[in-house]
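Trainee: Structure provided below as structure tokens; questions to follow.
The values are calculated or read from the model by the stated rules, or taken from the named source; none is laboratory data. From a predicted model like this one, the values you see are computed outputs, not experimental measurements. Because the Cβ atoms are built from the backbone with ideal geometry, glycine has one as well, and the counts that use them run over all protein chains shown. Note: accessible area is taken over every heavy atom of the protein model, side chains too, but ligands, DNA and RNA are not part of it. Shrake-Rupley method; radii C 1.70, N 1.55, O 1.52, S 1.80 Å.
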Amino acid sequence: MAQISKKSIVVLISGNGSNLQALIDAQSQGLFSGEISAVISNKPDAYGLTRAENANIDAICVDHTEFADKANFETQLIETIDIYKPDLVILAGFMRILSSDLVQHYLGKIINIHPSLLPKYKGLHTHRQVLENGDKEHGTTVHFVTAELDGGPIIAQKRINVEANDTEQTLVQKIQQQEHQLYPEVVAWFCGERLQFELETKTGSARAVLDGKIL
Ligand code: GRF
């Protein structure tokens with residue numbers, strides 16, 4: 001069997017970076033055949049940058065407020081990401097909506113984690129909506145990124161039960177626990193070349209494929 005090369009990974013964050021930490025830990029435990037080459041934040045004070053520095057990973061800020069518009073910001077973002085020739089770009093709490101041009105540039109090798117059971121609750125305030133609607137079940141989703149916000153093909157989900165005494169805070173904690181297991185697992189599939197993004201030839205619709213099976 002052909003040797004699988006170690007993948008270069010760039011992680012984009014905006015904040016705390018607990019998912020980034022789970023990925024750093026998974027890498028150091030050899031759970032996937034890849035290396036986080038750089039962590040890029042659009043916010044200078046993101047704690048995730050400190051987590052990257054502590055792990056001797058290049059930590060870079062591309063501050064969106066310093067650019068005249070989104071196009072200029074994204075040009076700089078792409079230039080910075082591409083220095084690391086990534087096989088995989090991971091969005092881990094990156095709070096900027098990406099243009100279709102940027103998504104196209106990384107199509108098939110950019111993934112996101114979203115705190116809901118997509119297609120339910122795209123966008124913000126997912127935990128609040130779960131509580132307001134009295135949902136009994138909640139969860140998290142990893143998906144390939146396409147130009148549609150939180151709308152790309154789903155790769156994997158993890159579910160939790162919503163209890164009567166749950167609050168937004170307890171849901172954040174429960175969901176993040178699930179995320180910290182799920183994201184490294186999906187990254188391992190991708191790095192092991194078990195997971196691919198495909199465009200259906202006739203319709204052009206996107207899908208995720210794991211071990212040759214459409215997800
Ligand atoms: C996660 O809950 C993720 O689902 C969402 O943003 C949050 C990031 O948290 N996209 P952290 O910065 O990884 O702690």
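Trainee: Would you be able to tell me the number of residues in segment 123-145 that are of a type in the set (Val, Ile, Thr) and touching a residue at least 40 places away in the same chain (Cβ under 8 Å)?
Mentor: Selection size over segment 123-145: 4.
Trainee: Please determine, by comparing only the residues of segment 68-122 that are free of Cβ contacts under 8 Å to residues at least 24 places away in the same chain and open to solvent by 60 Å² or more (accessible area, probe 1.4 Å), which one is nearest to the ligand (Cβ to nearest atom).
Mentor: My answer is 120.
Trainee: From 215, 182, grab the single residue that is open to solvent by less than 20 Å² (accessible area, probe 1.4 Å) and of a type outside the set (S, T, N, Q).
Mentor: Checking each option against the conditions leaves just 182.
Trainee: Then there's this: Mind counting the residues in segment 1-30 that are in a helix (DSSP H, G or I) and either within 13 Å of the ligand (Cβ to nearest atom) or in contact with a Ser or Thr (Cβ under 8 Å, 6 or more places away or on another chain) (or both)?
Mentor: 8
Trainee: Return the residues of segment 123-143 that are open to solvent by less than 10 Å² (accessible area, probe 1.4 Å), more than 30 Å from residue 6 (Cβ to Cβ) and part of a strand (DSSP E or B); say none if nothing qualifies.
Mentor: Those that are open to solvent by less than 10 Å² (accessible area, probe 1.4 Å), more than 30 Å from residue 6 (Cβ to Cβ) and part of a strand (DSSP E or B): 138, 139.
Trainee: Being without any contact (Cβ under 8 Å) to a residue 60 or more places away in the chain, surrounded by fewer than 22 Cβ atoms within 10 Å (Cβ to Cβ) and in contact with a strand residue (DSSP E or B) (Cβ under 6 Å, 6 or more places away or on another chain) is the filter here, so list the residues in segment 146-156 that pass it.
Mentor: Within segment 146-156, 150, 156 qualify.
Trainee: From the set of residues in segment 31-48 that are more than 13 Å from the ligand (Cβ to nearest atom) and either open to solvent by less than 60 Å² (accessible area, probe 1.4 Å) or part of a strand (DSSP E or B) (or both), which is nearest to residue 93 (Cα to Cα)?
Mentor: Of everything passing the filter in segment 31-48, 40 is nearest to residue 93 (Cα to Cα).
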